[in-house]
Amino acid sequence: MFSRKNGILFIEDVSTVEIAEKYGTPVYVTSKFQLEKNIEAYKKAFPKAEKLYAVKANGNLALMRIIASNGFGADVFSSGELYLSLLAGFSKQKILFNGNSKSDSEIEMGIQAGVKFSVDSLDELETIRSIAEREGKEIEIAFRINPDIDPKTHPKIATGLKESKFGLPEEQALKAYEMALRMKNVVPKGIHCHIGSQILETSPFISALRKLGKIAKAIEKLGVELDFIDIGGGLGIDYEGKGAITPHDLAKELLPVFEEVSSDLNSDPMLWLEPGRSIVGNTTVLLTRVNAVKRTHRNFVAVDAGFNLLIRPAMYGSYHRVVVANRDGGEEEIYTVVGPICESGDVLARDRKLPKVEKGDLIAILDAGAYGFSMSSQYNGRPRCAEVLVSGSKTALIREPESFGDLVARQRIPEWI
Ligand code: LLP
């Protein structure tokens with residue numbers, strides 16, 4: 001995906017300097033080649049599994065359309081993500097509506113669309129039942145189980161520990177399936193968990209699968225016929241350039257355990273996965289222009305993108321590699337790359353060795369395709385930036401940059417002030 005020509009960083013066959021000139025900065029730039037490579041890796045590693053793309057990682061329609069056209073389904077966490085998925089062309093049979101706090105109107109939209117639900121509470125089960133009855137629909141569901149497993153990742157993105165807000169504890173699973181079995185408009189067909197994100201070991205996934213397998217056996221005895229066992233997403237990517245497990249590595253360990261677990265069941269469930277970050281994370285860079293270099297107790301490089309566009313470093317202390325895009329080599333110095341936001345926490349990268357940086361240089365922040373644009377905001381009155389797709393020597397604007405008009409588009413000033 002990357003190369004250097006005369007020191008300039010290229011994404012596929014396009015110069016980042018030209019992209020910045022044509023589309024302005026900051027700008028998110030995605031490689032179609034890398035996206036397809038990641039999709040292919042999952043298809044090859046898990047040919048028989050249903051792969052649901054976690055839309056929260058990146059909700060750009062062009063990227064979602066590429067993912068949908070490769071036969072993936074979608075994991076959606078809100079009615080907005082459901083809307084995007086249907087628009088992008090994901091088949092409703094392959095959409096799972098996740099979420100721990102779905103509103104009645106979101107549930108209604110999911111039921112009308114005919115998608116499947118991962119149910120997070122008994123209250124939600126009853127809401128689904130009553131809306132499905134009113135709509136005259138039969139809805140296939142899974143319950144989200146909290147398997148109480150440590151995914152060994154950042155605490156803010158660990159979701160399957162006992163104290164987490166997500167899912168039902170194992171002890172409540174049987175009762176939940178029993179209740180669902182007695183309902184007319186609800187059919188329990190699956191079992192689901194998602195233990196966390198940016199996971200760099202296979203063992204937590206294996207433990208989660210074994211836990212679900214154990215519960216699956218117990219609920220089969222109640223009369224549940226299982227169509228799917230969904231172990232969620234969470235496979236980490238190589239942010240630091242030190243190597244990470246791949247879908248292939250995960251499949252090698254997970255699939256034999258899946259065979260073992262399913263051979264112990266009467267039904268013949270399919271394995272479901274919900275990758276987000278490992279599909280889109282490394283496909284995209286955030287290109288940002290240096291507004292100023294300041295030498296105080298640190299060498300600060302002040303760029304035009306901040307946590308308004310990439311909140312991960314500020315929110316989780318995440319590491320993203322940073323490179324100077326418009327030239328290479330020469331004398332190096334240690335720099336801290338900061339954004340334009342009026343907060344001390346607006347640091348994108350701390351103490352990095354980079355070729356000597358000057359005002360006007362272009363900086364590329366790598367691996368920004370997952371939870372980058374999708375977590376962006378207009379904080380400090382900054383319209384969101386553009387997104388560009390690269391394929392070979394072609395480029396296309398896949399999201400127009402916002403304008404000042406977007407800052408005020410939905411605001412109203414009451415006439416009585
Ligand atoms: N399935 C469910 C139910 C999820 O909640 C998530 C992510 C995924 C799948 C996809 O996980 P992935 O394969 O992307 O790890 N904003 C954080 C990550 C939050 C993840 C939330 N749930 C970050 O920037 O690291």
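The values are calculated or read from the model by the stated rules, or taken from the named source; none is laboratory data. Just so it is clear, the model here is predicted, and its values are computed rather than measured. Don't worry about glycine lacking a Cβ; one is built from the backbone with ideal geometry, like all the others, and counts go over all protein chains shown. For the accessible areas, the whole protein counts, side chains as well, though only heavy atoms, and no ligand, DNA or RNA atoms are used. Shrake-Rupley method; radii C 1.70, N 1.55, O 1.52, S 1.80 Å.
Can you give the helix-only mean residue ellipticity at 222 nm for the chain, where every DSSP H stretch with n ≥ 4 adds -39500 (n - 2.57) and the sum goes over all residues, rounded to the nearest 500 deg cm²/dmol?
-9000 deg cm²/dmol
Under Stokes-Einstein, with the Kirkwood radius over Cα pairs standing in for Rh, what whole-number D in µm²/s applies to the chain at 20 °C and 1.002 mPa s? Please report the intermediate quantities before stating the final value.
Values: Rh = 22.7 Å.
Using the Kirkwood radius from Cα pairs, D works out to 94 µm²/s.
Shape verdict for region 334-417, please, from the Cα gyration tensor: rounded (a/c under 1.5), prolate (a/b greater than b/c) or oblate.
On the way: a/c = 2.60, a/b = 1.42, b/c = 1.83.
Oblate, since a/c reaches 1.5 and b/c is not below a/b.
Restricting the calculation to Cα positions, tell me the Rg (one decimal) and the Dmax (whole number) of region 256-347 in Å.
21.4, 68
Work out, in µm²/s and without decimals, the Stokes-Einstein translational diffusion coefficient of region 120-272 at 25 °C, 0.890 mPa s, Rh from Kirkwood over C-alpha pairs. Walk me through the numbers on the way to the answer.
Details: Rh = 16.2 Å.
The calculation lands on 152 µm²/s.
Per residue, how big is the convex hull of region 98-145 when only Cα atoms are used? Give it in Å³. Could the numbers behind the result be given before it?
On the way: hull volume 2.9 nm³, N = 48.
It is 60 Å³ per residue.
Given H placed 1.01 Å from N in the peptide plane, which residues other than close sequence neighbours of Ile139 have an amide H under 5 Å from its amide H?
Correct list: Val186, Val187.
Averaged per residue, what accessible surface does region 72-200 expose to a 1.4 Å probe, in Å²?
On the way: 5420 Å² over 129 residues.
Accessible area per residue, region 72-200: 42 Å².
Only helices at least 18 Å long along their own axis, judged from Cα atoms, and with Kyte-Doolittle mean hydropathy of 0.0 or greater: name those in the chain from DSSP H. Present the calculation step by step, with values, prior to reporting the outcome.
On the way: long enough: 32-45 (20 Å, -1.16); 122-135 (20 Å, -0.69); 203-222 (29 Å, 0.30); 247-263 (22 Å, -0.09).
Counting only whole DSSP H runs, the qualifying helices are 203-222.
When only DSSP loop residues count, what GluC sites (Glu not before Pro) in region 327-417 have their Cβ near at most 14 other Cβ atoms within 10 Å? The partial results should precede the final answer.
Details: sites: Glu331, Glu332, Glu333, Glu343, Glu358, Glu387, Glu402, Glu415; in loops: Glu331, Glu343, Glu358, Glu402, Glu415.
Within region 327-417, the qualifying GluC sites (Glu not before Pro) (loop, at most 14 other Cβ atoms within 10 Å) are Glu331, Glu343, Glu358, Glu415.
So, by mean Cβ neighbours within 10 angstrom, what's the order for 379-386, 89-96 with the highest one leading?
Details: 379-386: 16.9, 89-96: 18.9.
Sorting 379-386, 89-96 by mean packing, highest first, produces 89-96, 379-386.
Calculate one ³J(HN,Hα) per residue across region 300-307 by plugging θ = phi - 60° into the Karplus curve 6.51 cos²θ - 1.76 cosθ + 1.60, and present them in order as whole Hz with x for glycine and proline.
Each residue of region 300-307 in turn: 8, 10, 9, 10, 8, 10, x, 6 Hz.
Roughly how many percent of the accessible protein surface of the chain is carbon and sulfur, given a 1.4 Å probe and a whole-percent answer?
Details: 9130 of 18450 Å².
Carbon plus sulfur share of accessible area: 49 percent.
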